[in-house]
Structures are given as structure tokens and as C-alpha cells.
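Right, one structure below, let's go through it.
The values are calculated or read from the model by the stated rules, or taken from the named source; none is laboratory data. What you see is a predicted model, and the numbers here were worked out from it, not measured in a lab. Neighbour counts run over all protein chains shown; Cβ positions are idealised from the backbone, glycine included. Ligands, DNA and RNA are excluded from the accessible area calculation, which covers all protein heavy atoms including side chains. Shrake-Rupley method; radii C 1.70, N 1.55, O 1.52, S 1.80 Å.
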Amino acid sequence: MIVDLTILLIGFTVFSAGSLIFAYLFFLPDLQKSILSKVTCAALLLGLTTLQWFHFLTLTTSFEALNNRIYLSVLMLVPAYFYYFSQFVLFPDLAPKVKHFLHLIPTVVSVFLSKSMLPAIAFLIGSAYCLWFIYLVLKLRTQQNRFVMERFFFGMFALFAIAALVLGLLIPYIDPTIFYIAYSISIGVAMLLVTTAIIIFPDMLNDIQQMAEIAYSKSKLQGINVKAKKAQLEKLMEQENIYQNEKLSLTFMAELLDISAHQLSELVNTQYGYGFSQFVRTCRIEQAKILLISEPNTSILAISIMTGFQSQSNFYSAFRDLTAESPGNFRKNNT
């Protein structure tokens, strides 16, 4: 039964990887995506898919992945792919430098090492990259109290990174089948976490990217009257109710303010303490709170539409995230 479950997770990984590649390449319009981030995203997901294919062959045939040099090479490459994707998705304007190619050295050296040594080395490097990325992201958060669920997901990734390291070190002492099953399940569950996080927090990656840009780049607001642009932004939101536009984007708002998307992103983050998407959600929820009290006969669905949410489920999720209660309970407790 456990083998059947593992095979199902392998299939889920393959399907999810294809979906995530397609979504990253052709959707997420507010996310700044360079050619390098697209290439490394595809390389990382295809690498994980390749590993799962080898696991499938091993669990269903006489094939032995740990004795196969191609499998071990991919195992060594995946951590490097993860590092490159993390770098280029957080810093889309980053230009490749010589130091970036140093992360491929373990893969090159692995050709001359014993097969038995490679899994432990790959898991050690991969775990280090995962923990580095988690630390980097959590360090960027300036509004930790607003991202409890996001911290949960990153905490789970940290646990998986540690578990993967332990698994890699135990390979010489356990049945290889246990390794294949455990590693396949880990990849499948990690893919499930990524998919779930994107569904629940579709703007999470964009928010992280914006914060990274502000934290590590030179200010793009030099020469901009920040006070005037902030007042103009608040007028658009509070008086002209532009938040009602359910397709409101960073790019569109930046055009209205006659500044670049980078400048608007930095302005919102520095002036309000969170990303543009969170800023819009906050404005929408504040208006929704007013409507829930002032218009007791208006349905919650109607209010969600009036405040620019694309669906009632997104409205409920955002409302709970910012108020810790449902719209219905809020109305009941305040009228």
C-alpha cells in the first residue's frame, strides 16, 4: 500500500511540476521575471520530475537508481538549481557572475567521487541551501504578525530540509527501498506544500520579491516627492475607490501615479510596511468592514464584489487574515 501511495505522489509531482512551470512562465503578471529565473525555475522542476521518474522505475522494475550515474548527477544538480532559482526570483535584475558558477563545482567533482558518497553530499548541500533561503525570507519580513500561515509553510520546508539531510546520511544503514519511498514522498509533499501555498497566498512570491529588492537594492525613490505620491495613492484608494477594480495591479497603479512599478513597490513597502498586494487587500478589507456595519441588509457576497475581490472565498480568506474573524461574525459583533 505504501508503494502505491508513493507512486501516486510521484504522479502528482510530475503533474504539479508541469502546472507550476506553465503558471510561472505565462501567469503571475505582477511578478518580475527574468529569463534566468524562468530557465532556473524550469530546470529545478524538471530536475525534481527526473528524480521522481527514476524512483518510479526503481519501485516498479529491477532498476536501481542509486547505482545510476545519471540519477546521481541530477541529485547533485537539483540543489544548485534551487540556489539559482532562489537568487534570480528574489533579484530579477541580478547579472550572473563568476561566483555563481562556483555552485556547480560539487556536481563537476562528483564525477570523480564514489557513488556511495554522492547522496549524502547532495542532501547536505541541498539542506544548507533550503535553510539559507528560509532564513533570508524570514529575515525580510517586516510584518511578522501578518504572516502566521506563511511562516507555517516555511517552517514545514525547514523540517523537510532537515529530514532530507537525515535521510541522506542514513542511506548506508537502511534498506534502499525505504530511501526511495521516503525521498519520493518528501518531494511529493514538498510539491503539495508549494502548490497549496500558491493557492492560499497567490501574492506571496511577489511580496517576498518586493521586500528583497528594497532590502538589498539602492533606493529608486531618489528625486521622487514621496509625500505627494503617497497622498495621491491614498486619494486613489480612499476617494476614487480604485480598489474596486478586481484586476488592480502594481503596474496599472504605477502608471496612474506616473512612476515605475519598482518605485511604487518601494514606496508602499517603506511607507506602510508591507507589499503592494497586502496594501490593496488591507484597503479592501477596511472598506468592507465599513460596509458590513453601514449596510446590514447587503449580502456578504455583494460586499466582496463591491470591494474588488474576485471571489467570495478570497474575500473570506483575506478578511480572516486581517481581522481574525469571519465577515459574518464581524457584522454580528458590531451591529
Which condition does Leu292 not pass, out of (1) within 28 Å of the chain's Cα centre (by Cα); (2) open to solvent by less than 30 Å² (accessible area, probe 1.4 Å), if it passes all the others? (1)
Taking the condition of being surrounded by fewer than 20 Cβ atoms within 10 Å (Cβ to Cβ), free of Cβ contacts under 8 Å to residues at least 60 places away in the same chain and over 13 Å from Glu246 (Cβ atoms), how many residues in the stretch 295-320 meet it? 11
What pairs come up if the first residue lies in the stretch 102-126 and is among the polar types (S, T, N, Q), the second is crowded, with 18+ Cβ neighbours inside 10 Å, and their beta carbons are under 6 Å apart, counting only those six or more places apart or on different chains? Thr107/Met76; Thr107/Leu77; Ser110/Met76; Ser110/Leu118
Taking the stretch 67-112 on its own, how many of its residues are more than 27 Å from Pro176 (Cβ to Cβ) and hydroxyl-bearing (Ser, Thr, Tyr)? 3
Filter the stretch 63-77 down to residues that are assigned to a helix (DSSP H, G or I) and surrounded by fewer than 22 Cβ atoms within 10 Å (Cβ to Cβ) and give me whichever is nearest to the chain's Cα centre (by Cα). Leu77
Among (1) over 22 Å from the mean Cα position of the chain (by Cα); (2) on the phi < 0 side of the Ramachandran plot; (3) of a type in the set (Gly, Ala, Ser), Gly223 falls short only on (2)
The stretch 213-231, subset under 19 Å from Lys139 (Cα atoms) and in contact with a His (Cβ under 9 Å, 6 or more places away or on another chain), residue most open to solvent (accessible area, probe 1.4 Å): Ser217
Return the pairs, sorted by first residue and then second, in which the second residue is among the hydrophobic types (A, V, I, L, M, F, W, C) and surrounded by 12 or more Cβ atoms within 10 Å (Cβ to Cβ), the first residue lies in the stretch 239-252 and is without any contact (Cβ under 8 Å) to a residue 60 or more places away in the chain, the beta carbons are less than 7 Å apart, and the residues are 6+ apart or on different chains. Ile242/Leu236; Ile242/Leu248
Matching residues, the stretch 260-281, being β-branched (Val, Ile, Thr) and open to solvent by less than 20 Å² (accessible area, probe 1.4 Å): Val268, Val280
For residues that are of a type outside the set (A, V, I, L, M, F, W, C) and open to solvent by less than 50 Å² (accessible area, probe 1.4 Å), scanning just the stretch 104-127, find the one that is farthest from the chain's Cα centre (by Cα). Ser110
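For the structure I just gave you, tell me whether Thr323 is modelled with pLDDT under 90, open to solvent by 10 Å² or more (accessible area, probe 1.4 Å) and not small (Gly, Ala, Ser).
Numbers: modelled with pLDDT under 90: no; open to solvent by 10 Å² or more (accessible area, probe 1.4 Å): yes; not small (Gly, Ala, Ser): yes.
So Thr323 fails the test.
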So if I check each of Thr60, Thr13, which one is open to solvent by less than 20 Å² (accessible area, probe 1.4 Å) and touching a residue at least 40 places away in the same chain (Cβ under 8 Å)? Thr13
Among the residues of the stretch 267-276, are any more than 21 Å from the chain's Cα centre (by Cα), closer than 23 Å to Ile208 by Cα and either of a type outside the set (Ser, Thr, Tyr) or not in a helix (DSSP H, G or I) (or both)? yes
Just give me the residues in the stretch 221-264 being part of a loop (DSSP other than H, G, I, E, B) and aliphatic (A, V, I, L, M), in sequence order. Leu221, Ile224, Leu248, Ile259
Selection count where residues are assigned to a loop (DSSP other than H, G, I, E, B) and either open to solvent by less than 30 Å² (accessible area, probe 1.4 Å) or on the phi > 0 side of the Ramachandran plot (or both), scope the stretch 16-57: 3
